[in-house]
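Since the structure comes first, as structure tokens, the remarks are kept for the end.
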Amino acid sequence: ERFLATKFGTAKRFGLEGCETMIPGMKALIDRSSEKGVTNVNIGMAHRGRLSVLCNVIRKPAEQIFKEFKGINEELPDDWSYSGDVKYHLGTSFDRMYPDGRKLHLELLANPSHLEAVNPLVLGKTKAKMYFEGDNDGVNSMPILIHGDAAIAGQ
């Protein structure tokens, strides 16, 4: 985040200042959940701290994040998701392999401007994953909803 503040000083950013412990907390939550049998995690969150979650939790390459800040996508030049949309609306997914052979699919869903609108999408996607995988007890899929401004209690 410090690099982005220096390199892209005029770009609008929503840093994680004041909530830095969220990253190791999310990593611990996800790792422990995987140990307990979770194989799919869907995450929905607002803008604050999103880049740190993309890079440090989901493990989206920093190089790709920087290219998105510059508006560059050399791999998919006709990809509509790079049409000038706010960088904080972008999502990604990643399949994590653990040393003991466990597999975990992580996904941070793309977020619209109305921040809470992503919440039912995360829950619906998680429920659909449970349905199609025959996970009737809900032990293999986990939704995570994060609102960085503590407003979720009022929703």
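A few comments on the model shown:
- Ligands, DNA and RNA aside, R96 has an accessible area near 10 Å² when probed at 1.4 Å.
- Close amide-amide hydrogen proximity is noted between C19 and no other residue 5 or more places distant or on a separate chain, at a cut-off under 5 Å (H modeled in the peptide plane; Pro and chain starts excluded).
- When T126, T92, T21 are compared by accessible surface with a 1.4 Å probe, the order from highest to lowest is T21, T92, T126.
- From phi via Karplus (6.51, -1.76, 1.60), per-residue ³J(HN,Hα) for segment 120-130 in Hz, x at Gly/Pro: x, 5, 4, 5, x, 5, 5, 5, 5, 4, 4
- Close amide-amide hydrogen proximity is noted between T39 and S141, each under 5 Å apart and 5 or more residues distant or on a separate chain (H modeled in the peptide plane; Pro and chain starts excluded).
The values are calculated or read from the model by the stated rules, or taken from the named source; none is laboratory data. A quick note: this is a predicted structure, and the numbers were derived from the prediction, not measured. When the accessible area is computed, the model is the full protein with side chains, heavy atoms only, and any ligands, DNA or RNA have been set aside. Shrake-Rupley method; radii C 1.70, N 1.55, O 1.52, S 1.80 Å.
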